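Trainee: Structure below; questions to follow.
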Amino acid sequence: MSASAPPVPAPADPSRDGTAETSPAPPVDPARDGTAETPPTPPTDPARDGTAETPPTPPVDPARDGTAQTQSSTPARELGAPGTLPSPRAERAAPGGIGSWLGPLLLRLHFWAAIVVGPFILVAALTGAAYALAPTLEQVVYADELTAPGTGPALPLADQVEAAERVVGDGGELVAVRPAPEPGDTTRVLFTGDDLIESQTRAIFVDPATAEIRGDLPVYGTSGSLPLRTTISDLHRSLGLGDVGRLYSELAASWLGVVVLAGLGLWIARRLRARGPGQARARARRDLVRPDLRATGLRRLFSWHASVGVVLTVGALFLSATGITWSQHAGDNVTALRAALSWTAPTLDTALPAEATSAGTGAAGGAAPDAADVAADPHAGHHGAAAPGVSDVDPARFDDVLAVARTVNVDTRLVEIKPPADADSAWTVTEIKRSWPTQVDSTAVDGATLAVVDRTDFADHPLMAKLARWGVDTHMGTLFGLPNQLLLVVTALGVAAMVVLGYLMWWRRGPGGGAGRLRAGRPAPAGALVHAPWQGLVAVVAVGLVMGLFLPMVGLGLVLFVVVDALVTAARTRPRPSATGPDAGRHQVVG
């Protein structure tokens with residue numbers, strides 16, 4: 001056999017036995033052993049460790065956050081204008097925290113509620129400002145009816161009532177008398193009449209010194225508002241559309257509080273997120289409290305919107321809360337709640353004793369059935385119904401009954417005396433002084449015997465009933481007179497300005513800044529609740545249910561908001577594959 005060369009063994013793997021010295025070793029991975037010193041370290045990803053300082057931050061999309069401004073060097077994230085989400089850095093600092101979903105939720109709620117309900121709030125604010133000045137305007141417009149040129153002592157109320165009855169004749173029945181409160185004022189003698197709206201009476205204005213007739217006008221409710229104020233009140237309350245129109249004011253009053261609270265939450269969040277060196281941070285926080293007069297464009301609008309809004313917060317919430325008590329549906333819920341918690345004012349009992357009823361009262365009669373409600377219902381001055389009139393009332397009894405009441409608890413000149421509606425009730429004398437200090441005491445008097453039947457005193461009212469009385473009177477501008485009215489005007493006009501500023505900001509966020517184009521900005525980003533934990537979802541649902549049950553217009557609006565928002569979000573969601581990566585093909589929200 002011939003010898004054959006042995007097979008050449010395969011070269012040894014230096015990485016296995018480490019014996020090869022002459023063969024060049026493969027490059028060692030510095031990332032594994034860290035021993036290599038000369039090879040340069042591969043560049044790190046600034047997006048992961050945040051150490052890179054030189055690469056510029058990617059530009060923010062102004063179509064998404066609406067904060068990009070060529071006229072200001074302040075970063076959009078620091079500006080924090082409405083329409084922006086919390087900064088990405090803040091979200092990374094607290095992943096899954098409350099700020100990652102509550103802020104965007106408040107922003108979207110504030111945006112959509114203001115856009116949809118804004119016109120209603122604007123109308124309510126402007127008519128409310130006009131109504132606040134109406135009591136003062138009445139003194140000028142109706143000076144002839146309200147002032148008496150006669151001098152000398154006042155005639156008995158009987159003479160003044162008889163003078164008014166001669167004017168009315170058979171055209172109405174006597175329902176009440178309001179004696180002149182001060183020298184130079186006229187006495188109002190109130191009758192039923194034709195062509196009067198609900199809660200109106202026909203007032204004959206009488207000079208108390210001469211019994212001269214100074215005027216004949218319809219007056220409204222216990223407030224005694226004259227036609228000018230009644231017209232403004234009707235516009236403010238229902239746009240002159242009756243019960244259907246009252247839905248507008250309920251919508252405005254209910255949602256005003258929601259919009260204000262959402263805006264306050266955004267303001268607090270932005271104030272807490274103010275970043276930068278000490279002076280820059282202090283300036284950023286000051287810009288949220290006072291307007292930045294050096295800013296321009298959208299930043300200037302936002303500065304006014306934020307600073308004026310936070311100043312108006314308390315006043316706007318007060319108008320919302322007190323306005324709700326007048327509303328058609330939520331107002332009924334407020335009334336039921338007050339009754340359940342015994343927060344209502346005591347009612348004057350006008351029922352005569354059985355022996356007095358059996359003896360008969362003749363022409364003296366008793367009190368109109370709604371007289372007791374005047375003190376008990378804080379809204380009586382705004383929508384109190386006129387009592388049915390009674391025939392054959394002895395005018396002399398007005399002086400007698402008033403004299404008795406003044407010995408009990410009636411010690412103000414602003415009073416209303418009501419005769420009986422039937423033989424089983426008493427006369428009533430009620431204080432109607434709505435200015436501070438409030439005086440709304442009342443007394444029921446037997447017209448036949450002049451015995452006191454019952455009394456109510458404001459001092460004995462529950463605290464919540466007093467607060468309701470003061471809240472309503474402040475809302476109407478009567479509690480503190482002209483200063484009260486001027487403060488209401490400023491607050492109402494401020495709320496109207498906030499609505500206008502909000503729409504201007506929305507407009508300026510449109511393509512091209514909205515200048516000369518019929519294009520509005522995009523809404524606040526959707527999907528906030530996706531990041532909320534289950535506790536947050538439960539809290540949101542619970543708050544929504546409570547508000548929806550107590551404030552029906554808010555509940556209906558929230559349902560519509562959720563449904564429409566979901567439909568819009570679904571319509572903007574479409575498959576859009578990513579260029580690379582494992583997320584390619586997943587659904588992404590567009591816009």
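The values are calculated or read from the model by the stated rules, or taken from the named source; none is laboratory data. Only a predicted model underlies this, so the values are computations on that prediction, with no experimental measurement involved. All Cβ positions, even for glycine, are placed from backbone atoms using ideal geometry, and neighbour counts span all protein chains on display. Heads up: the accessible areas ignore ligands, DNA and RNA and are worked out on the full protein's heavy atoms, side chains in. Shrake-Rupley method; radii C 1.70, N 1.55, O 1.52, S 1.80 Å.
Trainee: Of all the accessible heavy-atom surface of segment 169-217, with the other protein chains kept in place and a 1.4 Å probe, what percent is carbon and sulfur?
Mentor: Looking at segment 169-217 in its full context, I get 42 percent from C and S.
Trainee: How large is the accessible surface per residue of segment 420-502, computed with a 1.4 Å probe and reported in Å² as a whole number? If you can, show how the numbers build up before the last one.
Mentor: On the way: 3130 Å² over 83 residues.
For segment 420-502, the per-residue accessible area is 38 Å².
Trainee: A further question follows. What whole number of Å gives the distance from the Cα centroid of segment 141-157 to the Cα centroid of segment 211-234?
Mentor: Rounded to whole Å, the Cα centres lie 16 Å apart.
Trainee: Points 7 angstrom from Cα along the Cβ direction at Thr449 and Val562: gap in nanometres?
Mentor: 6.2
Trainee: For segment 150-158, what does the Karplus curve 6.51 cos²θ - 1.76 cosθ + 1.60, with θ = phi - 60°, yield as ³J(HN,Hα) per residue in whole Hz, taken in order and with x for Gly and Pro?
Mentor: Using θ = phi - 60°, the values come out as x, 10, x, x, 6, 6, x, 4, 4 Hz.
Trainee: Still on this structure, I have one more. Residue by residue through segment 170-176, which ³J(HN,Hα) values in whole Hz follow from phi under the Karplus form 6.51 cos²θ - 1.76 cosθ + 1.60 (θ = phi - 60°), with glycine and proline marked x?
Mentor: 8, x, x, 10, 5, 10, 5
Trainee: Considering amide H positions built from the backbone, and no H for Pro or chain starts, which residues 5 or more places from Asp441, or on another chain, come under 5 Å of its amide H?
Mentor: For Asp441, whose amide H was placed from the backbone, the distant partners under 5 Å are Glu431, Phe458.
Trainee: Here's something else I'd like to know. If you stretched the chain out fully between Ala336 and Thr412, how much longer would it get, using 0.36 nm times the residue separation minus the C-alpha to C-alpha distance? Working shown, then result.
Mentor: Values: separation 76, 0.36 × 76 = 27.36 nm, distance 3.17 nm.
So the extension gain works out to 24.2 nm.
Trainee: Dipole of segment 161-255, Cα-centred, from +1 at each Lys and Arg C-beta and -1 at each Asp and Glu C-beta, to the nearest 20 debye?
Mentor: Dipole magnitude for segment 161-255 comes out near 320 debye.
Trainee: Can you give the extra length, in nm with one decimal, that the chain gains between Thr296 and Ala158 once fully stretched, where that is 0.36 nm per residue apart less the Cα-Cα distance?
Mentor: On the way: separation 138, 0.36 × 138 = 49.68 nm, distance 6.90 nm.
Stretched out fully, the Thr296 to Ala158 stretch lengthens by 42.8 nm.
Trainee: Tell me, in nm to one decimal, what length is gained between Val500 and Asp170 on full extension, where the rule is 0.36 nm per residue of separation less the Cα-Cα distance?
Mentor: Here the segment from Val500 to Asp170 would lengthen by 113.5 nm.
Trainee: Provide the net charge surrounding Asp457, with neighbours chosen by a C-beta distance below 15 Å and charges set as Lys +1, Arg +1, Asp -1, Glu -1. Don't jump to the answer; show the numbers that get you there.
Mentor: Numbers: positive: Arg406, Lys433, Arg455, Lys466, Arg469; negative: Asp349, Asp411, Glu431, Asp441, Asp454, Asp460.
With Lys, Arg at +1 and Asp, Glu at -1, the neighbours total -1.
Trainee: Hey, can you grab everything whose amide H is under 5 Å from the amide H of Val453? Only 5+ residues off in sequence or another chain; H modelled, so Pro and N-termini drop out.
Mentor: Ala444, Val445, Asp446
Trainee: What are the ³J(HN,Hα) couplings of segment 480-492, residue after residue, when phi is run through the Karplus curve with 6.51, -1.76, 1.60 and θ = phi - 60°? Round to Hz, x for glycine and proline.
Mentor: 10, x, 4, x, 4, 5, 5, 5, 5, 4, 4, 5, 5
Trainee: Spin-label point model (7 Å from Cα, Cβ direction): what's the Leu467 to Glu212 distance in nm?
Mentor: 5.0
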